Structure formats: structure tokens, C-alpha cells
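The values are calculated or read from the model by the stated rules, or taken from the named source; none is laboratory data. It should be emphasised that the depicted structure is a prediction, and the values quoted were computed from it without experimental measurement. Every residue, glycine as well, gets a Cβ built from its backbone with ideal geometry; the counts of neighbours run over all protein chains shown. Side chains included, ligands, DNA and RNA excluded: accessible areas come from the protein's heavy atoms. Shrake-Rupley method; radii C 1.70, N 1.55, O 1.52, S 1.80 Å.
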Amino acid sequence: MNTISTTASANTIILAIDLGKYKSVACVHDQSTGEYRITTFETTRAELRKLIGQEQPAAVVIEACLLAGWVHDLCGELGVRCLVANTASEAWKFKHLKRKTDRDDALRLAQLYLLGQLPTVTLPPTKVRQWRSLIANRQALVGRRVAVQNRIRALFVAQGLPAPRGARAWTETGLAGMATQAKSLAECGPDELWRGLLELSLTEYRQVGELVGQLTARLDALGKHNAEVILLQTAPGLGPRTAETIAAYLNDAPRFKTGKQVSAYSGMVPRQHQSGEMDRRGRITKRGPALLRKMLVECAWCMVRYNAWARGFYLRLTGGGQRRKKQAIVALARKILVRSWAMLRDQRPWRDPQTAPKDPLPPSKRRRQEQSQRRRQEKQQAVLAPSGTP
């Protein structure tokens with residue numbers, strides 16, 4: 001999260017927009033006079049282009065939402081600065097307000113911008129946003145496929161029949177065996193409607209499986225041509241699905257200055273409540289992308305099996321796997337994310353800290369070391385140089 005600061009400009013018009021699916025409310029604020037007016041327009045490209053052309057604003061301020069992507073891109077085409085407000089920030093919490101309307105939200109955006117306290121977020125390019133949508137859609141379909149599997153199991157259990165279990169139950173042979181119990185819903189009598197439901201569920205399972213296969217094939221094709229995805233897969237236990245998720249959500253890794261910023265972005269840092277001598281740490285904040293956290297936790301369980309470093313880290317936190325397993329997995333997931341960010345930042349493959357020799361200093365530490373050496377040399381030269389006084 002960033003906080004913008006206002007600078008003097010010849011154009012003093014600020015256009016703050018509270019976006020809606022069908023209609024949006026805009027606050028046109030004149031910094032020179034302090035006056036503002038509220039206007040409403042249809043949420044379309046043509047209407048927004050027309051409004052920007054009429055007002056000629058110095059900046060457009062919007063909230064982070066589903067519509068923010070194309071609005072940001074349109075402002076870029078028109079050469080207008082566009083700021084996207086972070087609605088998850090503490091500055092955007094209004095629990096005690098007695099009135100909250102679209103007009104108030106638009107005016108509040110303009111006021112936070114003028115105060116220089118508008119919390120903003122970085123909006124990725126269009127192709128990265130589309131890539132994220134593809135990943136999210138595949139995960140949604142995978143969840144739907146699991147739901148259908150559970151529904152099929154429930155139908156068998158309700159009839160006192162053995163429920164399908166194991167990976168082999170969902171192969172073509174297993175599905176064919178389950179299909180022997182199914183029957184067209186139109187042909188089912190009143191006492192065997194469950195067979196018709198089974199037929200519908202098996203049909204849905206095959207359809208969802210085909211859609212998942214199409215998305216997986218497309219994501220694999222994109223990953224093969226992405227250097228960051230290939231680099232992340234050098235880590236044992238980190239597969240293509242997790243690699244592409246990390247690469248998509250950590251787009252432009254150098255924008256994070258420290259590992260703490262990466263952890264806070266993912267929402268895998270503890271909540272903190274501090275007052276006086278009390279300093280209480282709670283559950284994780286969960287403020288970042290939920291899909292990123294989900295994939296990292298799944299990856300952490302896999303890496304415990306296939307990665308010696310991850311297994312040692314997990315056993316150390318759990319006392320040999322005896323206690324606090326879920327907390328240890330979350331901590332390992334955060335560690336995997338930080339190490340992945342370092343790999344993307346330095347463009348280096350995975351290095352097992354337990355077996356590989358120690359690498360030279362990373363670029364950030366090397367830079368600080370060079371700066372300190374330069375300062376020492378300047379001090380020495382200043383001492384050795386003649387004073388210049390007679």
C-alpha cells in the first residue's frame with residue numbers, strides 16, 4: 001500500500017468517482033476555489049470518456065473494485081493520471097458513520113486525495129489481470145468438481161452402497177462402474193429418483209473435468225513461456241500451479257522493498273494489538289489475495305514431503321510434528337512466499353540452505369556494503385586533504 005502526496009499543477013480539477021455496475025457518482029472538485037459538485041453518469045466507456053473530456057481533470061481517483069481495471073486503462077489512453085484507492089486500508093474504515101451514500105464516498109475520495117492521505121494500490125497490467133482471472137477460474141472449477149464428487153458419494157451412502165473413494169474411483173473405469181447404477185431421470189420411478197440424480201451428477205462431473213482440462217492446458221502453455229514460472233519451479237515441491245500464482249500476484253517483484261512487505265501483502269502476518277505494556281498478537285490478517293494464501297498452504301504441505309529445508313523448518317516449529325501443525329504450515333507458507341520473492345527479485349534459482357554453499361551477498365546487501373565503503377573512503381580523503389587555510 002502506498003500513500004500519495006499532492007503536488008502543484010496548472011489544472012486544479014480532481015475527479016473522484018464512486019464506481020457502480022450500472023451508474024457511477026462523480027465528485028468534481030476544484031482545488032483553487034474549494035468548490036465541488038456531484039454528477040451521475042452511466043458506467044460505460046463512452047460516458048466516462050465524455051466526462052473526462054469535459055472536465056479535463058488533473059487526476060482521477062477511484063476505488064479498488066472489479067471495474068477499476070478498465071477505468072485505469074482508459075485513463076492511461078487519455079493521458080490522465082489515475083489513482084486506485086485501497087479500500088482494505090484502515091483509512092477506509094467507517095464503522096461509526098450514520099450515513100453512507102455514493103455521494104459521500106465520492107466526496108471522501110477527493111478529500112483524502114487533497115489531504116495527501118489517500119491509500120493507493122498498484123494496479124497490474126491488463127495481461128497480468130487476465131492471467132489472474134484464468135488462474136482464479138480454474139480454482140473455482142476445481143472446487144466445483146470436488147463438490148460434485150461429494151454429492152455422488154452422498155447418493156451412494158444414502159442408499160447403503162459403498163461410496164467411491166481413492167483416485168481410481170474417478171478414472172474412466174471408475175466412472176463407468178458408477179454409471180451402471182445411474183438411469184435417465186425421465187425413466188426413473190418415484191422410488192429410484194436417486195439414480196436420475198446420479199446420472200445428472202456424473203454428466204456434470206465430466207463437463208467440469210473437460211473445462212478444467214482446457215484451462216490447465218492454456219495455463220501450462222503460458223507457464224512454459226514465462227521465465228518467472230520456470231524459475232520458481234526449480235524449488236522441490238513447488239509445482240506449476242503454485243508457481244504461476246506466485247508469479248501473477250507478485251508481478252514486478254522489485255516493487256516490494258523487504259520481505260515484511262511481501263508477507264503483509266499476502267495477509268499471512270499476525271494481527272497486533274498494542275497498548276502500553278500489552279502487546280498481543282492474534283490470527284493472521286487475511287488482507288491479501290485469498291487465492292495466493294490457499295495455493296501457498298497447499299504447496300507447504302507438499303514441500304514438507306519433498307523438500308528437506310521445508311521439512312526441517314516444519315519439524316522445528318512443531319517439535320517433531322507433535323503440536324501446532326496448522327500454525328507451522330502457515331508459517332512455512334509465508335517463508336515459501338518470501339523465498340520465492342527473493343528468487344524473482346535476484347533472478348536466481350532455488351538454493352537449499354542446508355546443502356548448497358553460501359552464495360555471495362544479495363544485491364541489496366551488496367549495495368549497502370558498497371555505499372558504506374564509499375562513505376569511509378570519502379571520510380579518509382577529507383581527512384588527508386589539505387585544509388586550505390594559510
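Annotations
- Residues in region 327-372 that are closer than 20 Å to A253 by Cα, part of a loop (DSSP other than H, G, I, E, B) and modelled with pLDDT under 85: L361, P362.
- The condition of being out of contact with any His (no Cβ under 7 Å at 6 or more places or on another chain), open to solvent by 70 Å² or more (accessible area, probe 1.4 Å) and either modelled with pLDDT under 95 or under 30 Å from A342 (Cα atoms) (or both) holds for R168.
- Check on G143, part of a loop (DSSP other than H, G, I, E, B) and open to solvent by 20 Å² or more (accessible area, probe 1.4 Å): no
- Selection from region 148-160 of residues that are surrounded by 12 or more Cβ atoms within 10 Å (Cβ to Cβ) and of a type in the set (A, V, I, L, M): V148, I152, A154, L155
- Residues in region 189-248 that are polar (S, T, N, Q), surrounded by 16 or more Cβ atoms within 10 Å (Cβ to Cβ) and under 23 Å from W301 (Cα atoms): Q233, T242, T245.
- Strands (runs of 3 or more DSSP E) within region 19-86 that include 3 or more residues in contact (Cβ under 8 Å) with a residue 40 or more places away in the chain: 23-30, 59-63
- Residue within region 111-129 that is open to solvent by less than 20 Å² (accessible area, probe 1.4 Å), within 22 Å of A88 (Cα to Cα) and of a type in the set (D, E, K, R) present: no
- Criterion violated by L232 - all others in (1) closer than 25 Å to L344 by Cβ; (2) out of contact with any Ser or Thr (no Cβ under 6 Å at 6 or more places or on another chain) satisfied: (2)
- Among the residues of region 266-306, those that are closer than 26 Å to T122 by Cα and touching a Phe, Trp or Tyr at 6+ places or on another chain (Cβ under 7 Å) comprise G288, P289, L292.
- Residue match in region 106-125 (condition: closer than 24 Å to G223 by Cα, in contact (Cβ under 8 Å) with a residue 12 or more places away in the chain and among the aromatic types (F, W, Y)): no
- Filter pass, V304 being farther than 21 Å from A140 by Cβ and open to solvent by less than 30 Å² (accessible area, probe 1.4 Å): yes
- Taking region 219-305 and the helices (runs of 4 or more DSSP H) fully enclosed by it, the elements with 2 or more residues that are more than 19 Å from the chain's Cα centre (by Cα) and not small (G, A, S) are at 227-232.
- Annotation note: Cβ proximity below 7 Å between a residue of region 141-154 that is closer than 20 Å to R241 by Cα and a residue that is aliphatic (A, V, I, L, M) and at pLDDT 95 or above (sequence gap 6+ or interchain) occurs for L141/V208; L141/L211; L141/V212; L141/L215; V142/V212; R144/V208; R145/V208; R145/V212.
- For region 26-83, the tally of residues that are of a type in the set (F, W, Y) and open to solvent by less than 40 Å² (accessible area, probe 1.4 Å) stands at 1.
- Residues of region 262-292 that are polar (S, T, N, Q) and either surrounded by 14 or more Cβ atoms within 10 Å (Cβ to Cβ) or in contact with a Gly (Cβ under 6 Å, 6 or more places away or on another chain) (or both): S263, S266, T285.
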